[in-house]
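Below is one structure, written out as structure tokens; comments come after it.
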Number of protein chains: 2
Amino acid sequence: MYVQVLTFLNEEKMNKVTVFAPATVANVNCGFDTLGFALEGVGDEMTLIKVPEKTITITSIDGADLPLETEKNVAGVAGLAMLNHLKLDYGFTITIKKGIPIGSGIGGSAASAAAAVFAINQFIDQPLSLQQLAVFGMKGETVASGSEHADNVAPSLFGGFTLIPGYNPFEVIALPVPSELFVAIIHPHIEIKTKEAREILPKEVPLKKAIEQSGNLAGFVSALYTDNYALLSRSCKDVLVAPHRKQLIPHFDTAKNMALNNGALAFGISGSGPSLFSLCRGELKAKEIAEKLKILYQNNNLEVDTIVSKVSEHGARVL
Amino acid sequence: MYVQVLTFLNEEKMNKVTVFAPATVANVNCGFDTLGFALEGVGDEMTLIKVPEKTITITSIDGADLPLETEKNVAGVAGLAMLNHLKLDYGFTITIKKGIPIGSGIGGSAASAAAAVFAINQFIDQPLSLQQLAVFGMKGETVASGSEHADNVAPSLFGGFTLIPGYNPFEVIALPVPSELFVAIIHPHIEIKTKEAREILPKEVPLKKAIEQSGNLAGFVSALYTDNYALLSRSCKDVLVAPHRKQLIPHFDTAKNMALNNGALAFGISGSGPSLFSLCRGELKAKEIAEKLKILYQNNNLEVDTIVSKVSEHGARVL
């Protein structure tokens, strides 16, 4: 009897859900392809309505020029993968409000994928774990980047910092977030193709550099557990990837020096760019760094926009 | 007046000190050149007596055939480096009881270096930090291996797990130790030269493997902070170094399979070998694994000895 009432309530409630999934910064210098974190308040909003047809129809996308065809849309592909796996006898229509500029490098496609699977999870009787959701979210990412990776999807679902130690078996570890950690994002209006950013990387790296990067990531993880901002700053370095990718981003070294000399804890490329992130202790410092970098780029006749955000403990959520 | 009394007591007490520094396991699979941990009870004992001559004289070494000449002895070199840096107007005679077999790969030279600098630190008015001591300890290591490294010296001084995220600046991070973590060490009586073990490694490694190893080390560090034995086990893998070095150790794969199939959390080469370590949850499991591996090697006509020890939170100490 009790169970029936619950089921009834569940069915009543669950014809429509609106969710939010945040923008994210992947790589974070020391954690190429493994580390990421979530922003606060910036992200994609998505409304799903349950329909009898066992498929997904994207009815509208606000805020970005993206394909409505289910198979060409990250939310559609991620949602379909989950739908098919669960063998649901219903489907959804989806409306999307993109809050993340396309191609900005702060996990726009991952947020849409995360939102879709997180929303579907609200409808089913035995919800999947966030880690299971990340697996379907990754399927969506293939549309955007051609390969399955979860370093944006995971923090968009989990919030906070996430570490993916490996894909075989696939695992997501939620790491603690120092409470005063903010980020200044600067998004220069240039285009970097993820594919190009991948191809610029060497297939082989010096063992010494590999060990150095590994020590940095381990130090960074320790810093998160111990609220050690000084160690966080010393560890958040990139000796493997940024040295190759920085040529894709105008004024990278100047911006880096400006951020670090003015008190940012760390500076680097968000994902494969073009956005740049500066981790800062406190919101004021993050605002100052964002403003300084904005002026730097404007003085060089490059349009930018900026985001200042707490490194958020919160991932995807129902609105 | 109070200060004078203290100084007086200090001088009285400090004509002689006996210290102990533990054996250690470096690399620990996922942390090549960065990670190490200390054993309990197995290590070197050293007695220093203050003398007016501003030098170090090694008067006897029990338990191993090692050079007495100060400049050829790790304890001598480490101690001299500290003596000269501090510009002390006195010196020491040293007697050493080696509790660690030479060339076994569990940090024998590092324990002697650590003991020497830790002992000297007891005599001086403003003792150095353990991290500062590690810098002088490293000087001793050059005698044994030809290069300055601290992945054995650091855990021998600090105890527990230590991480060295980098040498520039040099930094040691003390990591927490899960309370049920034990290690079974098996020491096959073969010789591996550290130099040879270094030369067998490639100068370059695939970026993919570097990222995988890095994710493993980060996962391992997270596991230590969260007492997560399952994650510890999944992360404690070596895709960079052991695949090259295992050819130096007879029956490596058989021993590894035996350890892991019988419930060891992790199995690998201690430092550059020939000792092999198996991390285990609980002392009973560690004893079982040690016994099984011993029989395996004996059946293959190779002499071995074994140690079963808690992963110790305690580093160098005054006896």
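Quick note: the coordinates plus some simple rules give every number you see, no bench work behind them. What you see is a predicted model, and the numbers here were worked out from it, not measured in a lab. Neighbour counts run over all protein chains shown; Cβ positions are idealised from the backbone, glycine included.
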*To the nearest 10 degrees, how steep is helix B:74-86 against the longest Cα principal axis of chain B, on a 0 to 90 scale?*
50 degrees
*Please give the average number of partner chain Cβ atoms lying within 10 Å of the Cβ of each residue in A:201-207, rounded to a whole number.*
6
*asked:* At R0 = 30 Å, how high is the FRET efficiency between A:ALA64 and A:ASN84 if r is their beta carbon distance? Nearest 0.05 is fine.
replied: 0.70
*asked:* Just to confirm a number: summing +1 for Lys and Arg and -1 for Asp and Glu over residues other than A:PHE252 whose beta-carbon lies under 13 angstrom from that of A:PHE252, what do you get?
replied: +1
*Add +1 for every Lys or Arg and -1 for every Asp or Glu among the other residues with Cβ under 10 Å from the Cβ of A:GLY99, and state the total.*
-1
*Which of the trypsin sites (Lys or Arg not before Pro) found in region B:193-273 are loop residues per DSSP with 10 or fewer other Cβ atoms within 10 Å of their Cβ?*
B:LYS203
*asked:* Using a Gaussian network model on chain A with a 10 Å cutoff between Cα atoms, which of A:ASN301, A:ASN29, A:ASN15 fluctuates the most?
replied: A:ASN301
_Please state the shape class of region A:181-310: rounded when a/c is under 1.5, otherwise prolate if a/b exceeds b/c and oblate if not, all from the C-alpha gyration tensor._
oblate
*Just need the relative contact order of region B:2-175 here, percent rounded to a whole number, with Cα pairs under 8 Å and 6+ apart.*
27 percent
*So which GluC sites (Glu not before Pro) in region B:20-124 pass both tests, a DSSP loop state and at most 13 other Cβ atoms within 10 Å of the Cβ?*
B:GLU53, B:GLU69
*Considering only the other residues whose Cβ falls under 15 Å of the Cβ of A:ASN168, what net charge follows from Lys and Arg at +1 and Asp and Glu at -1?*
0
_Let me spell out the model: positive unit charges on the Cβ of Lys and Arg, negative unit charges on the Cβ of Asp and Glu, origin at the Cα centre of the protein assembly as shown. What dipole size does that give, in debye rounded to 20?_
320 debye
*Please state the relative contact order of region A:245-319 as a whole percent: Cα pairs under 8 Å, 6+ residues apart?*
22 percent
_What does the copy distance list look like for A:GLN298, label position 7 Å along Cα→Cβ, in nm and ordered from shortest?_
7.9
*In nm, one decimal, shortest first: how far is the label point of A:LYS287 (7 Å from Cα along Cα to beta carbon) from the matching points in the other copies?*
6.4
*Between region B:212-239 and region A:62-116, how many Å separate their Cα centres?*
33 Å
_DSSP bridge orientation in chain B - percent antiparallel, rounded to nearest 5_ = 90 percent
*For region A:125-223, what number results from the quotient of the Cα radius of gyration and 2.2 N^0.38 Å?*
1.27
*Mind checking the mean number of beta-carbon atoms from other chains within 10 Å of the Cβ atoms in B:221-228?*
5
_Alpha-carbon centroid distance for the pair region B:151-165 / region B:252-319, whole angstrom_ = 19 Å
_Just to confirm the numbers: A:GLU180, label point 7 angstrom along the Cα-Cβ line, distances to the other copies in nm, shortest first?_
3.8
_If I take every Cα pair under 8 Å that is 6 or more residues apart in chain A, average their sequence separation and divide by the length, what percent do I get for the relative contact order?_
24 percent
*asked:* Just to be sure I understand: of the beta bridges DSSP finds with both ends in the protein assembly as shown, what percent are antiparallel, rounded to 5?
replied: 90 percent
*Report, for region A:41-198, the % of DSSP beta bridges that are antiparallel, rounded to 5.*
65 percent
*Against the longest principal axis of chain B, how steep is helix B:130-145, in degrees 0 to 90 to the nearest 10, with axes from Cα atoms?*
70 degrees
*Which FRET efficiency value, to the nearest 0.05, do you get for B:ASN262 and B:LYS54 by plugging their Cβ-Cβ distance into 1/(1 + (r/R0)^6) with R0 = 41 Å?*
0.15
*Report, in degrees rounded to the nearest 10, the 0 to 90 angle that the Cα long axis of helix B:283-299 makes with the longest principal axis of chain B.*
70 degrees
